[in-house]
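Q: Following this message is one structure expressed as structure tokens.
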């Protein structure tokens, strides 16, 4: 069963994940969260965009990876 994380829980999960794994795509983050039975409170890309607008994480569109790439 997949559990929807609260915004603070999801923020900590994303920060810890990016610190340990480095630069990741939205899809890779979604897959990792699902693998641990977790889900962001919004659609993943929307949640990550909110974190980016708060300057908690950084992100950019990658032509090579065909989507957003995120990092700390």
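Q: I'm trying to understand the selection: among the residues of the stretch 10-32, which are in contact with a strand residue (DSSP E or B) (Cβ under 9 Å, 6 or more places away or on another chain) and in contact (Cβ under 8 Å) with a residue 24 or more places away in the chain?
A: 10, 13, 14, 18, 22, 23, 24, 25, 26, 27, 29
Q: Considering only residues that are outside any strand (DSSP E or B) and in contact with a strand residue (DSSP E or B) (Cβ under 9 Å, 6 or more places away or on another chain), look in the stretch 60-72 and name the one that is nearest to residue 9 (Cα to Cα). Break it down into steps so the answer makes sense when it comes.
A: First, pick out the residues of the stretch 60-72 that are outside any strand (DSSP E or B): 63-66, 72.
Next cut, in contact with a strand residue (DSSP E or B) (Cβ under 9 Å, 6 or more places away or on another chain) only: 65-66, 72.
Working: 65: 27, 66: 28, 72: 17 Å.
Within the stretch 60-72, the match that is nearest to residue 9 (Cα to Cα) is 72.
Q: Give just the number: which of (1) modelled with pLDDT of 95 or more; (2) surrounded by 14 or more Cβ atoms within 10 Å (Cβ to Cβ); (3) assigned to a helix (DSSP H, G or I) does residue 30 not satisfy?
A: Among (1) modelled with pLDDT of 95 or more; (2) surrounded by 14 or more Cβ atoms within 10 Å (Cβ to Cβ); (3) assigned to a helix (DSSP H, G or I), residue 30 violates only (1).
Q: Go through the stretch 40-59 residue by residue and tally those that are part of a strand (DSSP E or B) and either within 11 Å of residue 25 (Cβ to Cβ) or modelled with pLDDT under 95 (or both).
A: Of the residues in the stretch 40-59, 1 are part of a strand (DSSP E or B) and either within 11 Å of residue 25 (Cβ to Cβ) or modelled with pLDDT under 95 (or both).
Q: Then there is this: Within the stretch 44-59, track down each residue that is over 10 Å from the mean Cα position of the chain (by Cα), over 16 Å from residue 22 (Cα atoms) and surrounded by 12 or more Cβ atoms within 10 Å (Cβ to Cβ).
A: Scanning the stretch 44-59 gives a single hit, 50.
The values are calculated or read from the model by the stated rules, or taken from the named source; none is laboratory data. Quick caveat: nothing in here was measured; it's all calculated off a predicted structure. A quick note on method: Cβ atoms are made from the backbone with ideal geometry, for glycine too, and the neighbour counts reach across all protein chains shown.
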